[in-house]
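Read-outs: derived from the displayed coordinates by stated rules, not from any lab. Just so we're clear, the structure is a prediction, and the values are computed from it rather than from any experiment. Reconstructed Cβ throughout: ideal geometry from the backbone, glycine too, with neighbour counts over all protein chains shown.
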Amino acid sequence: MTQAVPETQGSAAIPEAEHRIEPTSQSKLDEALAILEDHKQEWTELDIEERIELLEHLRDGVVEVAERWMQAAMEAKGMAPGSNEEGEEWLAGPGSVVKNISLLIASLRDIAEYGVPQLPKDPYTRPDGQVVAPVFPADGWDGLLFMGFTSEVWMQPGVTLDSLSENQAAFYRDESPKGRLALVLGAGNVASIGPMDSLYKLFVEGQVVLLKMNPVNEYLGPFIDEAFAPLRERGFFRVVYGGAAEGDYLCMHRLVEEIHITGSDKTHDAIVYGVGDEGARRKANDEPRNTKPLSCELGNVTPIIIVPGPWSQKDLDFQGVNLASSLCNNSGFNCAATRVIIQHEEWDKRESLLASLQQAFANAEDRKPYYPGAEERQKRFVEHHPDADQFGSKGPGHVPWTLIHHLDPNQADDICFTTESWCGQTSETALSATSVVEYIDKAVEFCNDSIWGTLSVGIFVHPKSMKDPAVAEAVERAVANLRYGSVAVNHWPAINYALVTPTWGAFPGHTSQDIRSGRGIVHNTFMFDRPQKSVLRGPFRMWPKPLWFIDNKSAATVGRKMTYFNADPSLMRLPGILWASLFG
């Protein structure tokens, strides 16, 4: 079991899962690292065409193992065949990985021809001079399959239009790069995280990778190892197994030069400062036990700002399902799961939106709480708020969908604002303001200053509201001022994760002593060196029903078809996807 860390804010402590695969022995870990060490310089010297060829083999490898991968995941997470959950798993598992690989192939071809990845549209500057790069849709296929959606990457101050290309693909601009060995500590929740984090280290940053699987989903390790065999056989990639003890051994190993982790702030602190009283002392004095470069994507209490407007009952019901879906996805075990819904206290439809959300939870099917400690974490939140609404089955082996509403926004230390619950729990609060514009500004301040984390945030606004110039200006000001790595208008900000071309990670600027949602980014297939945030925009309401909605009846069929389409886009595959989507 991992040692629990006292919690005042951040991610809730998570016990270590039981192992399905025997932990890799220290001698085998040493052997794997030695092989990577021997080949790390060779990896940096590989030419672009060889890299593209390897990626093409990897893509074929993921397709080859996809069905077996999915079967193992469905058994582990207790999914029913043909269920909405199966569709989610296709999209967030092999579907995302093959999409990532295809995008990297396109970027490497651009680098070979132009020196840097080429954007789908010209970048531009905002009125304050901040450079914005459109990254989605990346091609015509994206435009057809995600009609009405766009995503942009906003750059850090100092990047100009003239210097943007000089801030792309740093590894490929280096005439004599030095080989480096990276340890990737994989996440246990989303199947694509481990392989995609590895792809980023390998093909964007130019490092060989040792991927340690998380005990929660280590059953996926053999499929990743098989799919990535072309890299393994060349000595550029290895998969190993184990828990906290093996992770600590690897983090402190002399051959590991960089570390990337997707996990919690508690795990970050354990790596950097250690655990117990000694770890707390080191953190207080900023005396790290591990000084290796460390990038990380950690937890978040994701807020969604609801802009009041002329919402019809259909609007309310659509967004009720939208909000519920952003929590129920993956049983609530997502760092981007919606945790705080913010409303305008004076809006006459506040209670109506809550009613639509409650109905969506009531209609949602139960899901297996497969992540260790979920029942205890949910009980802890209910102990703080015994009047919480709970939907679905209760008792041992169950975690009801839990909605805690009408929170006092002035209660700054409320557990719902300070702690990521890591289960099927969300909350609602409201801010008082004399106007919609004042409310939006106050909501941004509340998100930035009162809610823990900086990974992802959303803002939902009716198109008729945007016809008011003052409201439109306030919404754009909100998008600019929200200090989050992923900002989404009208949809779940986790969509930026799935699109892969946007960046994914915390807002820049966290220190080791206050790491919050982390440091550094992944995905980012246009290979920007100095991104600040990614901004997604989508339709307020849409048809056909979004694939990620919990009441989409064709998600499993479309998810499977999308996976194979991502591996080999063609006009022949498109009609089947579009036809199946109509029946969601």
At 7 Å along Cα-to-Cβ for each site, give me the label-to-label distance between residue 20 and residue 445 in nm. 4.9 nm
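Pairwise over distinct Cα atoms, reciprocal of the mean inverse distance: report the Kirkwood radius of segment 409-552 in Å, one decimal place.
Numbers: mean 1/r = 0.0603 Å⁻¹.
That comes to 16.6 Å for segment 409-552.
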Size of charge dipole - segment 199-315 - debye, nearest 20, with Cβ of Lys, Arg +1 and Asp, Glu -1, no other charges: 100 debye
Just name one of 458, 185, 448: the one whose Cα is farthest towards the positive end of the charge dipole of the chain (beta-carbon charges, Lys/Arg +1, Asp/Glu -1). 458
May I ask for the distance between the Cα centers of segment 415-459 and segment 86-100, given as a whole number of Å? 29 Å
Local charge sum around residue 473 (other residues, Cβ-Cβ under 14 Å, Lys/Arg +1, Asp/Glu -1)? -2
Between segment 49-82 and segment 474-507, what is the separation of their alpha carbon centroids in Å? 28 Å
For segment 263-421, with +1 on Lys and Arg beta carbons and -1 on Asp and Glu, the positive-most of 403, 416, 267 along the dipole: 267
Farthest toward the dipole's positive end in segment 402-527, which of 491, 526, 469, given Cβ charges of +1 (Lys, Arg) and -1 (Asp, Glu) about the Cα centre? 526
Set of lysines with alpha-carbon distance to residue 467 below 23 Å, sequence-local pairs under 8 removed: 314, 349, 442
Efficiency of FRET between residue 9 and residue 480 - r from beta-carbon atoms, R0 25 angstrom, step 0.05: 0.45
Separation of the residue 570 and residue 249 label points, Cα + 7 Å toward Cβ, nm: 4.7 nm
Quick check: convex hull of the Cα atoms in segment 102-231, volume per residue, rounded to a whole Å³? 160 Å³
Expressed in nanometres to one decimal, the distance between label points 7 Å along Cα→Cβ at residue 139 and residue 173 is 2.6 nm
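Assigning unit charges at the beta carbon (Lys, Arg +1; Asp, Glu -1) and nothing else, what dipole magnitude in debye, to the nearest 20, does the chain show about its Cα centre? Each step should come with its number before you reach the end.
On the way: 52 positive and 80 negative charges, 146 e Å.
About 700 debye.
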Checking the cross-link filter: which aspartates and glutamates have an alpha carbon closer than 20 Å to that of residue 545, excluding same-chain neighbours under 8 positions apart? 85, 86, 88, 89, 142, 315, 317, 365
Aspartates and glutamates with Cα under 16 Å of residue 178, excluding same-chain neighbours fewer than 8 positions away: 37, 38, 42, 45, 47, 205, 257, 258
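For a Förster distance of 56 Å, can you work out the FRET efficiency between the beta-carbons of residue 394 and residue 432, rounded to the nearest 0.05? Could you put the intermediate results ahead of the total?
Numbers: r = 35 Å, r/R0 = 0.62.
E between residue 394 and residue 432, to the nearest 0.05, is 0.95.
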Amide H partners (placed H, <5 Å) of residue 338, local residues excluded: 327
As an exercise, find the ratio Rg/Rh for the chain from alpha-carbon atoms, using the Kirkwood inverse-distance average for Rh. 0.94
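Taking 0.36 nm per intervening residue step and subtracting the Cα-Cα distance, what contour gain separates residue 387 from residue 124 on full extension? Working shown, then result.
Values: separation 263, 0.36 × 263 = 94.68 nm, distance 4.91 nm.
Computed gain between residue 387 and residue 124 is 89.8 nm.
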If you place +1 on the Cβ of every Lys and Arg and -1 on the Cβ of every Asp and Glu, how big does the dipole about the Cα centre of segment 94-232 come out, in debye to the nearest 20? 320 debye
Taking amide H atoms as placed 1.01 Å from N in the peptide plane, list the residues 5 or more away in sequence, or in a different chain, whose amide H sits under 5 Å from that of residue 504. 522, 524
At what distance in angstrom do the alpha carbon centres of segment 344-382 and segment 189-214 lie from each other? 33 Å
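Filter the cross-link list 77/212; 368/561; 121/212; 212/283; 28/201 down to pairs whose alpha-carbon distance in this structure exceeds 32 Å. Walk me through the numbers on the way to the answer.
Working: 77/212 20 Å; 368/561 25 Å; 121/212 38 Å; 212/283 25 Å; 28/201 22 Å.
Listed pairs above 32 Å: 121/212.
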Under 12 Å, Cβ to Cβ, from residue 78 - net charge with Lys/Arg +1 and Asp/Glu -1: -3
Derived scalar couplings ³J(HN,Hα) [segment 414-427; Karplus, 6.51 cos²θ - 1.76 cosθ + 1.60; whole Hz; x for Gly, Pro]: 4, 4, 5, 8, 9, 9, 7, 6, 6, 6, x, 10, 9, 8
